[in-house]
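What follows is a short report on a single structure.
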Amino acid sequence: MSVEPWLKGPVTGVPAGLQPAAHAFLNALADLERLVEEGLTDGELRSRPGDAAPIAFHLLHMAGAIDRLLTYADGGQLSDGQKAGLRRETDHQAQDALTVQEAMAIARGAIEGAIGVLRSTNAPALPAPREVGRAKLPSTLGGLLFHAAEHTARHAGQALTTFRIVRGLAVQPEREPANAS
């Protein structure tokens with residue numbers, strides 16, 4: 001039986017107030033690693049069942065969103081490169097060019113980088129105001145870090161669900177004929 005990260009104790013070096021975010025990031029990473037362990041193929045990575053977003057999108061978007069949210073958490077605004085990256089996340093050709101190993105490396109690197117940011121965050125600064133986007137919507141350092149973690153968890157869940165659907169479509173069980181009584 002696998003133990004979820006939040007049941008393994010504190011994440012070393014992460015302030016107590018950010019432990020839930022660290023655990024959410026680690027849980028998302030464990031979910032993604034499980035896809036690899038279950039043999040996710042390049043074809044499954046790119047599959048769009050019912051025109052749903054492919055697993056490749058979720059991995060690219062998760063990494064891109066972490067990068068953008070951490071930029072806002074650091075008090076910055078998005079660069080032209082980050083804006084272009086956002087457009088690439090939804091580009092079918094960019095998604096279809098990825099292998100499982102490449103997509104996982106991108107997601108893994110972003111998640112590990114986010115945990116590094118959590119480790120370097122001064123907990124008393126969590127309520128510090130931050131602005132998001134061109135509209136400069138109000139948030140806080142803590143709000144952005146927690147949103148990055150929950151957003152990552154949400155897309156990891158979507159990737160798992162898409163994987164189950166793709167596998168289920170590939171392995172259709174034979175149906176019993178209806179009883180004609």
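The values are calculated or read from the model by the stated rules, or taken from the named source; none is laboratory data. All values reported here derive from a predicted model rather than from experimental measurement. Cβ sites come from the backbone with ideal geometry, for glycine too, and all protein chains shown count toward neighbours. Ligands, DNA and RNA are excluded from the accessible area calculation, which covers all protein heavy atoms including side chains. Shrake-Rupley method; radii C 1.70, N 1.55, O 1.52, S 1.80 Å.
Find which of ALA105, ALA65, LEU32 sits farthest along the positive direction of the dipole of the stretch 25-175, computed with +1 on the beta-carbon of Lys and Arg, -1 on that of Asp and Glu, about the Cα centre.
ALA65
Could you order the peptides 106-112, 22-28 from most to least packed, using the average number of other C-beta atoms within 10 Å per residue?
Ranked by mean Cβ neighbours within 10 Å, highest first: 22-28, 106-112.
How big is Rg to Rh over the chain, alpha-carbon atoms, Rh as the Kirkwood inverse-mean-distance radius?
Answer for the chain: 1.06.
Any idea what Rg and Dmax come out to for the stretch 16-78 if you just take the C-alpha atoms, in Å?
Looking at the stretch 16-78, its Cα Rg and Dmax stand at 14.7, 42 Å.
Just to be sure I understand the curve: with the Debye formula and one point per C-alpha of the stretch 64-151, what is log10 I(q)/I(0) at q = 0.10, 0.12, 0.20, 0.22 Å⁻¹?
-0.28, -0.40, -0.98, -1.12
Near THR121, within a Cβ-to-Cβ distance under 14 Å, what is the net charge of the other residues, with Lys and Arg +1 and Asp and Glu -1?
Net local charge, THR121 excluded: +1.
Could you rank the peptides 29-39, 55-65, 119-129 by their average count of other C-beta atoms within 10 Å per residue, with the highest value first?
55-65, 29-39, 119-129
Considering only protein heavy atoms and a probe of 1.4 Å, how much of the accessible area of the stretch 59-181 is carbon and sulfur, as a whole percent?
Ligands and nucleic acids excluded, carbon and sulfur reach 56 percent.
Whole-Hz Karplus ³J(HN,Hα) for the stretch 82-97, in order, using 6.51 cos²θ - 1.76 cosθ + 1.60 and θ = phi - 60°, x for Gly and Pro?
Couplings: 5, 5, 5, x, 4, 5, 5, 4, 9, 7, 4, 5, 5, 5, 5, 7 Hz.
Taking the Cα centre of the chain as origin and charging only Cβ (+1 Lys, Arg; -1 Asp, Glu), how large is the dipole, in debye to the nearest 20?
So the dipole magnitude of the chain works out to roughly 520 debye.
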